[in-house]
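Engineer: This is the structure, below, for whatever I ask next.
What follows draws every value from the coordinates through simple rules; no lab data is involved. Since the structure is predicted, the reported quantities are computational estimates derived from the model, not experimental observations. Ideal geometry is used to build each Cβ from the backbone, glycine not excepted, and the neighbour counts take in all protein chains shown.
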Amino acid sequence: MPSQPASDADRLNATLRQNLCERGAAVIGHTRIHNRQALKLTCMNPTVTEKQMDELIGLIVDEGGRIESA
């Protein structure tokens, strides 16, 4: 039986969060929306720049691509 797309996305998000945390690259929260896992970014540092947030999003996108291609 093939995997459900929602469960694949849940697994991707969980793996992505774990990989970035283990590498010390980012700590990304998670939540559930409509019973699907979603990534949650919470910026606690008021000095973070838009460029730094763009870099974090790029890191997330790159890691997701690595996971999907594995």
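Engineer: Cβ-Cβ below 8 Å, separation at least six or inter-chain, first residue in segment 13-27 and among the small types (Gly, Ala, Ser), second surrounded by fewer than 16 Cβ atoms within 10 Å (Cβ to Cβ) and assigned to a loop (DSSP other than H, G, I, E, B): which pairs?
Structural biologist: From segment 13-27, no pairs qualify.
Engineer: Please state which of the following conditions GLY64 fails to meet, knowing it meets all the rest: (1) surrounded by 12 or more Cβ atoms within 10 Å (Cβ to Cβ); (2) touching a strand residue (DSSP E or B) at 6+ places or on another chain (Cβ under 6 Å); (3) among the small types (Gly, Ala, Ser).
Structural biologist: Tallying (1) surrounded by 12 or more Cβ atoms within 10 Å (Cβ to Cβ); (2) touching a strand residue (DSSP E or B) at 6+ places or on another chain (Cβ under 6 Å); (3) among the small types (Gly, Ala, Ser), GLY64 fails exactly one: (2).
Engineer: I'm checking my understanding of the structure. Among residues of segment 36-46 that are touching a residue at least 12 places away in the same chain (Cβ under 8 Å) and touching a helix residue (DSSP H, G or I) at 6+ places or on another chain (Cβ under 8 Å), which one is surrounded by the most Cβ atoms within 10 Å (Cβ to Cβ)?
Structural biologist: GLN37
Engineer: Would you point out which residue out of ASN13, ASN19 is among the polar types (S, T, N, Q), assigned to a helix (DSSP H, G or I), in contact with a strand residue (DSSP E or B) (Cβ under 9 Å, 6 or more places away or on another chain) and within 17 Å of GLU68 (Cβ to Cβ)? Spell out how you get there, then give the answer.
Structural biologist: Working: ASN19 fails: in contact with a strand residue (DSSP E or B) (Cβ under 9 Å, 6 or more places away or on another chain).
Being among the polar types (S, T, N, Q), assigned to a helix (DSSP H, G or I), in contact with a strand residue (DSSP E or B) (Cβ under 9 Å, 6 or more places away or on another chain) and within 17 Å of GLU68 (Cβ to Cβ) holds for just one of ASN13, ASN19, which is ASN13.
Engineer: Right, something else. Condition first: touching a Lys or Arg at 6+ places or on another chain (Cβ under 9 Å) and outside any strand (DSSP E or B). Can you find one or more residues in segment 35-47 that meet it?
Structural biologist: So far as segment 35-47 goes, no, none of its residues is touching a Lys or Arg at 6+ places or on another chain (Cβ under 9 Å) and outside any strand (DSSP E or B).
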